[in-house]
Amino acid sequence: QDESWASDVVAKLEKLAGPVVAATWGVEINAAAAPTIHRALMFEKNDCPLDALLRDPTARERKLACMPLLLVRNGEETVVPDADTPLKPGDRLLFAGTRAARDLQRMTLRNIHVRDYVLLGQDRPAGWVWQWLTRRRENTAARAGR
């Protein structure tokens with residue numbers, strides 16, 4: 001790419017992560033590195049846009065301080081892919097941003113409850129006790145509404 005393009009990318013990255021980018025990291029959409037996304041794509045037949053990996057798992061309306069630099073799919077490279085790009089099994093991604101963003105992104109890649117919150121806005125109770133209590137509360141409310 002030319003210098004103008006590179007300057008634009010650097011400016012976007014500085015806006016997201018500050019003047020010093022602390023980390024670059026790769027993510028491969030497979031069962032080992034990204035089990036929750038891989039499961040959504042392969043077994044649950046859900047769509048998953050790249051944007052899901054750019055959202056803060058503690059508050060999904062906020063963006064992480066990172067950006068995708070490269071997507072490699074079937075040997076084809078896409079430089080700075082759009083956030084609405086649908087992810088596919090086997091995709092390889094390169095990100096740049098803060099270490100905190102990398103760590104938060106890993107939560108989305110590895111925890112199904114976090115993935116569902118980021119992707120769908122569903123904030124489900126994670127442990128079996130909380131799930132049981134939630135079902136009980138919902139059943140009680142349904143009986144009271146009869």
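The values are calculated or read from the model by the stated rules, or taken from the named source; none is laboratory data. For clarity, every value in this text was computed on a predicted model and none was experimentally measured. Note: ideal-geometry Cβ built from the backbone for every residue, glycine included; neighbour counts use all protein chains shown. In case anyone asks, the SASA skips ligands and DNA or RNA and just uses the protein heavy atoms, side chains included. Shrake-Rupley method; radii C 1.70, N 1.55, O 1.52, S 1.80 Å.
Taking a sphere under 14 Å around the Cβ of residue 106 and counting the other residues whose Cβ falls inside, with K and R at +1 and D and E at -1, yields a net charge of +2. Look at the alpha carbon pairs under 8 Å that are at least 6 residues apart: their mean separation over the length of the range 1-85 gives a relative contact order of 21 percent. The label-point distance for residue 82 and residue 9, in a model that sets each label 7 Å from Cα toward Cβ, rounds to 1.9 nm.
Tell me the net charge near residue 28. Cut-off is 12 Å between Cβ atoms, residue 28 excluded, with +1 for each Lys or Arg and -1 for each Asp or Glu.
Counting the neighbours of residue 28, the net charge comes to +2.
Computed extension gain for residue 25 through residue 92, at 0.36 nm per residue and net of the alpha carbon distance, reaches 23.1 nm. Cross-link partners for residue 12 among the lysines, with Cα-Cα distance under 27 Å and sequence neighbours closer than 8 places in the same chain left out: 63, 88. Residues 36, 78, sorted by accessible area with the largest first, give 78, 36 [1.4 Å probe; ligands and nucleic acids excluded].
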